[in-house]
């Protein structure tokens, strides 16, 4: 290990939310683990002067660097930061995230004690602006999962269904990257396109390469979700993007069967949700049914497109 390098490099990609970077940096000043630096990647179409001014101020108790990645895509932005990282570990988060004070310490402790290549922490979702569609009932669970995992293990555990990890709270041992590779640029949010699955594909790729991946629920960050992301239109767009991305995952990993939910029975379940919503006028159930139909259709269409283009698609795990 390079003793002159920080233990952890925190990598953040910002596009359209650079104004939230100040709050993130302020929360990082409260970390109990202090041996880290921060890399902010400006992924906006035009340079975000907010980011450059924060770095130029230089009044943070840790080193902060600003980098530029003009090509749209949160995965591209994160990859730019990961390539520039000097820390033994790379912690990935987002500008609108608020890490708890023991966040980095919990992630690093789990990585060391478990000899893990990747550690995922817990994300607590909140809705400070309210919700267009209420997500506080059993029928709305699939909608809540669009904003992050709902279930968390009571203690540290190995990665695997029904638990998953997200790139808003992720620690990576930098030494595994030459063999494992970076995040796939065709997955993950790209501008206004609500693509995802870059975190699932990365973790599945690591596990299928024989690396240790664990979940540490004691490494906690808070994630506020805006009102616009609780509207029916957003859920439909997210469902389409998710279906496309799960199909793309088949080109590099064997997707766990529970993550697919795209066969005939799942389509019938989606139709049943629509019937139930019509009878009882349950807006959440209506959104679940419509989103699932959109997701399943997008998944099968993207798989066919990939096959027609000559891609080899791996079977489910």
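The GNM of the chain, with springs linking C-alpha atoms under 10 angstrom apart, assigns the highest mean-square fluctuation among 55, 38, 275 to 275. Is the shape of the stretch 1-88 best called rounded, prolate or oblate, per the rule: a/c under 1.5 gives rounded, else a/b larger than b/c gives prolate, else oblate, with a ≥ b ≥ c the square roots of the Cα gyration tensor eigenvalues? Oblate shape, in that a/c is at least 1.5 and b/c is the bigger or equal ratio. Direction-averaged projected area, Cα convex hull, the stretch 215-307: 8.0 nm², rounded to one decimal. Note on the stretch 1-51: Kirkwood radius taken over Cα pairs, Stokes-Einstein applied at 25 °C and 0.890 mPa s, translational D equal to 201 µm² s⁻¹.
Considering only 66, 111, 209, the Gaussian network model of the chain with Cα springs below 10 Å gives its largest mean-square fluctuation to 209.
Taking 224, 99, 178 as the candidate residues, the one with maximal mean-square fluctuation in a Gaussian network model of the chain, Cα springs under 10 Å, is 178. Ranked by how many other Cβ atoms sit within 10 Å of their own Cβ, fewest first, the residues 311, 223, 242 fall in the order 311, 223, 242. Counting other Cβ atoms within 10 Å as a rough exposure proxy, the listed residues 60, 164 run 60, 164 from fewest neighbours to most. Counting Cα-Cα pairs of the stretch 26-141 in 10 Å increments starting at 0 gives whole-percent bin shares of 11, 35, 33, 18, 3. Put simply, the Cα atoms of the chain extend 62, 42, 41 Å along their principal axes, the longest span coming first.
If you model the stretch 98-243 as an ellipsoid using its alpha carbon gyration tensor, with each semi-axis the square root of five times an eigenvalue, the axes come out at 27, 18, 13 Å, biggest first. Calculated [222 nm] ellipticity per residue, helices only, for the chain: -12000 deg cm²/dmol; basis is -39500 (n - 2.57) per DSSP H run with n ≥ 4, divided by all residues, nearest 500. Panel order for 36, 235, by other beta carbons found within 10 Å of each beta carbon, from fewest to most: 36, 235.
With an a/c value of 1.5 or above and a/b not larger than b/c for the gyration tensor axes a ≥ b ≥ c computed over the alpha-carbon atoms, the stretch 185-265 is described as oblate.
Here, each number is a calculation from the coordinates, and none is a lab measurement. This one's a predicted model, so the numbers in the text were calculated from it and none came from an experiment. Counting neighbours? That spans all protein chains shown, and the Cβs are built from the backbone with ideal geometry, glycine included.
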